[in-house]
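Notes follow once the structure below has been shown.
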Amino acid sequence: MDEKKQATWGGRFAEEPAERMIRFGESVSFDARLAPYDIRGSKAHARMLGHVGILEAEEVDAICRGLDGVEKEIANGDFTWDPALEDVHMNIEQVLTARVPAAAKLHTARSRNDQIATDMRLWFRDALAELRAAAGTAMSALLDLADANRGVAIPGYTHLQRAQPVSLAHHLLAYVEMFGRDRERLAETARRANVCPLGSGAIAGTTLPIDRAFVARELGFVDEKGEPRLTGNSMDAVADRDLFIEFANNCALIATHLSRIAEDLILWSSREFGFARLPDAYATGSSLMPQKKNPDSLELIRGKCARVMGAVSSLLTLVKGLPLTYNRDLQEDKLPVFEAHALAVDSLLVLEGLVRGLEIEPDACRAAVDDPLLLATDLVDYLVAKKVPFRKAHHYVGELVALAETSRCPLNELPLAEAQTVCPELKKDWTEVFSVPRALAMRERPGMPGPEQIAARLRHWRGLLA
Ligand code: ARG
């Protein structure tokens, strides 16, 4: 048997793995990216083994120096990954052992099961920070756009039918709130990821006198007080993937929010709405129709969301039927996680770029919001203020709307005398209701689209993102 190609369990086996099995079983094509985390984990593990007297100080030094060398080679692209060695762990260990004899002791009291769990928790830490930052930049772009167009009002929609006037800023800030919650969720996931599984071994820990707290501290798995955070059950630590699912789910929620704003912006950039003009850098033309400017970037954000959702579904399905503890199925957990992460980060950055180049068309917004029917509800409120019971007021205004429609007259231009035949409580001042600035100015309670509320929310989010 070829010594070099042999996996670490060679002692038990008389036959080499089939070529197609090697191709089927390898994960190094996608887990090689974990190398920096794997090496950090190995160095911490080696130092711990030295700390408890299992390795000599010189052995620890030799292993760490060897790992540094391997890390550099990998970073420079000089490292040859061998699929016959399955994964990132065995590739690194084998090359290291060929150079540093002491590395034959590195895997003492460790299994690839707790090793991959550790690598991924280290990876999650960085990936979550990257996502948080990307969400932050998208939010900043939305804040800037909202701020620059504070005076612009648009119709708010329910059922995609005009409902009530809102400020454009209020609409954009709705998404800022969503991404803000996404960022909170990322922080919570980061807190749960911050627990060290190393020392769980393959399933049942080890008989050797390891110091789990030492490794946890080395790897920064500590709480605010610097106390190490350790997984509490070795079987759970190597078997569960709830963190993977939670992570992908965070990505899916981000992607879903992105998909919704993409849909809104696609509508706004259509000729039918005309509220916004897409930057050329984030639009595409048609190979046939010379006039076309298509919102492909936004459609792709919507499309990629489907793949992120698929990642969550893959992970849930992957785990649901597995008996404890580790099963090789779990090797398939990484691709959906990496994909969900990359798609969510890329989509956030594309949205940011697009929003930064978006031009709002105030005239089109004004024309759309200049629809008296949008203030029918405010007219109900006017009547309620005159002590008309709400249900009755609602009915009155419904009749006025019908009257305006049949007489083909804008609601606010119905002659007072005619309007009073429907609703005697109307006074001369009833048409004052039909002013969008008034409608917004009267909505100055928390969460409403009043200009002061908008200014306060802008300050709130700018402060949070600063
Ligand atoms: N490449 C493996 C994975 O990603 C590492 C753990 C392998 N463990 C095992 N018992 N075969 O899941």
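Within region 123-133, identify whether any single residue is in contact with a Lys or Arg (Cβ under 6 Å, 6 or more places away or on another chain) and either part of a loop (DSSP other than H, G, I, E, B) or away from the ligand (no atom under 16 Å from the Cβ) (or both), and answer yes or no.
Keep residues of region 123-133 that are in contact with a Lys or Arg (Cβ under 6 Å, 6 or more places away or on another chain), which gives 132.
Narrowing further to those that are either part of a loop (DSSP other than H, G, I, E, B) or away from the ligand (no atom under 16 Å from the Cβ) (or both): 132.
Scanning region 123-133 turns up at least one residue that is in contact with a Lys or Arg (Cβ under 6 Å, 6 or more places away or on another chain) and either part of a loop (DSSP other than H, G, I, E, B) or away from the ligand (no atom under 16 Å from the Cβ) (or both).
In region 155-168, is there at least one residue being open to solvent by less than 10 Å² (accessible area, probe 1.4 Å), within 16 Å of the ligand (Cβ to nearest atom) and in contact with a helix residue (DSSP H, G or I) (Cβ under 6 Å, 6 or more places away or on another chain)?
Checked region 155-168: no residue is open to solvent by less than 10 Å² (accessible area, probe 1.4 Å), within 16 Å of the ligand (Cβ to nearest atom) and in contact with a helix residue (DSSP H, G or I) (Cβ under 6 Å, 6 or more places away or on another chain).
Scan region 280-289 and tell me whether some residue there is under 27 Å from residue 182 (Cβ atoms), in a helix (DSSP H, G or I) and open to solvent by 40 Å² or more (accessible area, probe 1.4 Å). Write out each step before concluding.
Within region 280-289, the subset under 27 Å from residue 182 (Cβ atoms) is 281-283.
Then drop every residue that is not in a helix (DSSP H, G or I), which leaves 281-282.
Keeping just the survivors that are open to solvent by 40 Å² or more (accessible area, probe 1.4 Å) gives 281-282.
Yes, there is a match, as at least one residue in region 280-289 is under 27 Å from residue 182 (Cβ atoms), in a helix (DSSP H, G or I) and open to solvent by 40 Å² or more (accessible area, probe 1.4 Å).
What's the number of the only condition in (1) farther than 25 Å from residue 150 by Cα; (2) aliphatic (A, V, I, L, M); (3) open to solvent by 10 Å² or more (accessible area, probe 1.4 Å) that residue 358 fails to meet?
Here residue 358 clears every test but (1).
Pairs please, first residue from region 319-335 and farther than 13 Å from residue 245 by Cβ, second anywhere and of a type in the set (S, T, N, Q) and near the ligand (Cβ under 10 Å from one of its atoms), Cβ atoms under 6 Å, 6+ apart in sequence or on different chains.
Qualifying pairs under 6 Å: 326/113; 331/27.
Do we have residue 253 as closer than 20 Å to residue 136 by Cβ and either open to solvent by 40 Å² or more (accessible area, probe 1.4 Å) or at pLDDT below 95 (or both) here?
Taking the combined requirement at face value, the residue satisfies it.
Sort out which residues of region 425-437 are surrounded by 13 or more Cβ atoms within 10 Å (Cβ to Cβ) and part of a helix (DSSP H, G or I), and write them in order of number.
Correct list: 430, 431, 433, 436.
If you check 329, 333, which single one turns out to be within 13 Å of the ligand (Cβ to nearest atom), over 14 Å from the mean Cα position of the chain (by Cα) and open to solvent by less than 30 Å² (accessible area, probe 1.4 Å)?
Answer to the selection: 333.
For region 15-114, give me every one of the helices (runs of 4 or more DSSP H) that falls completely inside it and has 1 or more residues that are within 16 Å of the ligand (Cβ to nearest atom) and under 26 Å from residue 196 (Cβ atoms).
Helices (runs of 4 or more DSSP H) meeting the threshold: 28-31, 35-51, 88-99.
The values are calculated or read from the model by the stated rules, or taken from the named source; none is laboratory data. Please read all numbers here as calculations on a predicted model, not as lab measurements. Quick reminder, even Gly has a Cβ in these numbers, built from the backbone with ideal geometry, and neighbours come from all protein chains shown. The accessibility values were calculated without ligands, DNA or RNA, using every heavy atom of the protein model including side chains. Shrake-Rupley method; radii C 1.70, N 1.55, O 1.52, S 1.80 Å.
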